Amino acid sequence: MNLVDTFLLLLQSATSQGILWALLAIGVFLTFRILDIADLTAEGSFPLGAGIAAISITNGVSPILASLMGFGGGMLAGLVSGLLHTKLKIPALLAGIITMTGLYSITNRVMGAPNIALLGQDTVFTQFQAMGLTKNNAVILAGFLFAAVVILCLFLFFRTEIGLALRATGDNLAMSEANGINTDNMKIIGYMISNGCIALSGALLAQNNGFADLNSGIGTIVIGLASIIIAEVLFANKSLLLRLITIVIGAIVYRFILAVVFEFNVEANDIKLASAIVLVICLSLPQLRSKLGLKKMLPKTKGGQS
């Protein structure tokens, strides 16, 4: 296989994986950038979404409905973190850790086993494969449709009164409270939508991988952050809609970088280390850009431009 064929194969694989991981990155973006909150609930809501979808599919539920059920499970996880943070005044980072820890047991009970195989089961992607598409092309098409729907819904939501209030809460908490916005409710809504998207990503990736694993959430926050940072480095100061779209590109680029790294025969045990190193490099790029006197690439506001 020549270099061009290898490149195209890696790009196709990275696109099929990255577009599904992009939903997780969008969820992380909502709390990390819009609300300016570091939420570790992601590492619990991701396997919860995967587990709910997997157990539902094995019990005869439609794959699309199972995926939406996973989304709902993630929203409930976000609700718990939101309540812990806003009503019990537990710091956001600690609230996420508490919820993440509790979700491990809850997900184990939902699944009834450490992992659930989906081999031979109908999934969202087998329905597209039935149309004559290859596995990778089916994943890319289905992932694109899911990502497009999520981005469109978020774009329309953030143009509503509640959506604007949520963005204002992340931009300036004190000013939002002074203008009569119930910032606690806005944070809870943000938590719920964020973790719903993350759980949906888990549900789709479980169907793509052919199994749901209880420990699949470990390191997911790194993947989400890396995708966001890459998008911000490559595409600076964009409108909110374009930022959501560029996060998808960032996730694909991140998966492509990892795919290239794995071509150097990196051991499976070192995957997380490789991911962390890539994230450090991505986080360092804006600083290096600044040192070199180039234009700063990170966005100017937390909540994003209109």
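The values are calculated or read from the model by the stated rules, or taken from the named source; none is laboratory data. Because the structure is a prediction, the values reported are computed rather than measured. Glycine gets a Cβ as well: all are built from the backbone with ideal geometry, and neighbour counts include every protein chain shown. Note: areas computed on protein heavy atoms with side chains; ligands, DNA, RNA excluded. Shrake-Rupley method; radii C 1.70, N 1.55, O 1.52, S 1.80 Å.
Could you look through region 43-67, keep only residues that are hydrophobic (A, V, I, L, M, F, W, C) and without any contact (Cβ under 8 Å) to a residue 24 or more places away in the chain, and pick out the one that is nearest to residue 219 (Cα to Cα)? Lay out the reasoning, then the answer.
Start the filter on region 43-67 by keeping residues that are hydrophobic (A, V, I, L, M, F, W, C), which leaves 46, 48, 50, 52-55, 57, 61, 64-66.
Going one step further and asking which of them are without any contact (Cβ under 8 Å) to a residue 24 or more places away in the chain, we end up with 61, 65.
Working: 61: 29, 65: 27 Å.
My answer is 65.
Among the residues in region 174-186, are any touching a residue at least 60 places away in the same chain (Cβ under 8 Å) and more than 24 Å from residue 95 (Cβ to Cβ)?
Within region 174-186, not a single residue is touching a residue at least 60 places away in the same chain (Cβ under 8 Å) and more than 24 Å from residue 95 (Cβ to Cβ).
Here are 215, 208: which of them is of a type in the set (S, T, N, Q), open to solvent by 10 Å² or more (accessible area, probe 1.4 Å), assigned to a helix (DSSP H, G or I) and at pLDDT 90 or above?
Just a single option satisfies the conditions, and that option is 208.
Out of everything in region 232-251 that is part of a loop (DSSP other than H, G, I, E, B) and not aliphatic (A, V, I, L, M), what residue ends up being least open to solvent (accessible area, probe 1.4 Å)? Spell out how you get there, then give the answer.
Within region 232-251, the subset part of a loop (DSSP other than H, G, I, E, B) is 235-238.
The next check asks that each one be not aliphatic (A, V, I, L, M); those that pass are 235, 237-238.
Numbers: 235: 68, 237: 49, 238: 75 Å².
Here the answer is 237.
Out of the residues in region 261-280 meeting the condition of being β-branched (Val, Ile, Thr) and surrounded by 15 or more Cβ atoms within 10 Å (Cβ to Cβ), tell me which one is modelled with the lowest pLDDT.
Filtering region 261-280 for residues β-branched (Val, Ile, Thr) gives 261, 266, 271, 277-278, 280.
In the following step, the residues that additionally are surrounded by 15 or more Cβ atoms within 10 Å (Cβ to Cβ) were identified as 261, 278.
Values: 261: 81, 278: 77.
Ranking the candidates gives 278 first.
Looking at region 252-284, which of its residues are in a helix (DSSP H, G or I), polar (S, T, N, Q) and over 17 Å from the mean Cα position of the chain (by Cα)? Reasoning before the result, please.
Here is the first cut: in region 252-284, the residues in a helix (DSSP H, G or I) are 252-262, 268-284.
Now drop any that are not polar (S, T, N, Q), which leaves 269, 275, 284.
Hits for region 252-284 are 269, 284.
On the basis of being buried (at least 19 other Cβ atoms within 10 Å of the Cβ), modelled with pLDDT of 95 or more and either in a helix (DSSP H, G or I) or touching a helix residue (DSSP H, G or I) at 6+ places or on another chain (Cβ under 9 Å) (or both), does residue 196 make the cut?
Numbers: buried (at least 19 other Cβ atoms within 10 Å of the Cβ): yes; modelled with pLDDT of 95 or more: yes; either in a helix (DSSP H, G or I) or touching a helix residue (DSSP H, G or I) at 6+ places or on another chain (Cβ under 9 Å) (or both): yes.
Yes; evaluated as a whole, the condition is true for this residue.
Inside region 28-50, can you point out the residues that are in a helix (DSSP H, G or I), of a type outside the set (A, V, I, L, M, F, W, C) and touching an Asp or Glu at 6+ places or on another chain (Cβ under 9 Å)? Please lay out each step first, then the result.
If we filter region 28-50 for residues that are in a helix (DSSP H, G or I), which is where we start, we get 28-34, 42-50.
Checking the rest, the ones that are also of a type outside the set (A, V, I, L, M, F, W, C) come to 31, 33, 43-45, 47, 49.
Answer for region 28-50, where residues must be in a helix (DSSP H, G or I), of a type outside the set (A, V, I, L, M, F, W, C) and touching an Asp or Glu at 6+ places or on another chain (Cβ under 9 Å): 31, 33, 47.
Residues that are touching a Gly at 6+ places or on another chain (Cβ under 6 Å) and open to solvent by 40 Å² or more (accessible area, probe 1.4 Å): which helices (runs of 4 or more DSSP H) entirely in region 106-172 hold 3 or more of them?
none
If a residue has to be open to solvent by less than 10 Å² (accessible area, probe 1.4 Å) and more than 16 Å from residue 203 (Cβ to Cβ) to count, how many in region 21-32 make the cut?
Step one: of region 21-32, the residues open to solvent by less than 10 Å² (accessible area, probe 1.4 Å) are 22-31.
Filter once more, so that each one left must be more than 16 Å from residue 203 (Cβ to Cβ): 28-31.
Of the residues in that region, 4 qualify.
Checking the conditions here, which among 88, 11, 35 is under 28 Å from residue 239 (Cα atoms) and surrounded by fewer than 21 Cβ atoms within 10 Å (Cβ to Cβ)? Full working, then the answer.
Working: 88 fails: under 28 Å from residue 239 (Cα atoms); 35 fails: surrounded by fewer than 21 Cβ atoms within 10 Å (Cβ to Cβ).
The match here is 11.
Collect the residues in region 69-115 that are free of Cβ contacts under 8 Å to residues at least 60 places away in the same chain, among the small types (Gly, Ala, Ser) and under 20 Å from residue 197 (Cα atoms), keeping them in residue-number order.
Once the filter is applied, which keeps residues that are free of Cβ contacts under 8 Å to residues at least 60 places away in the same chain, among the small types (Gly, Ala, Ser) and under 20 Å from residue 197 (Cα atoms), region 69-115 yields 92, 95, 96, 102.
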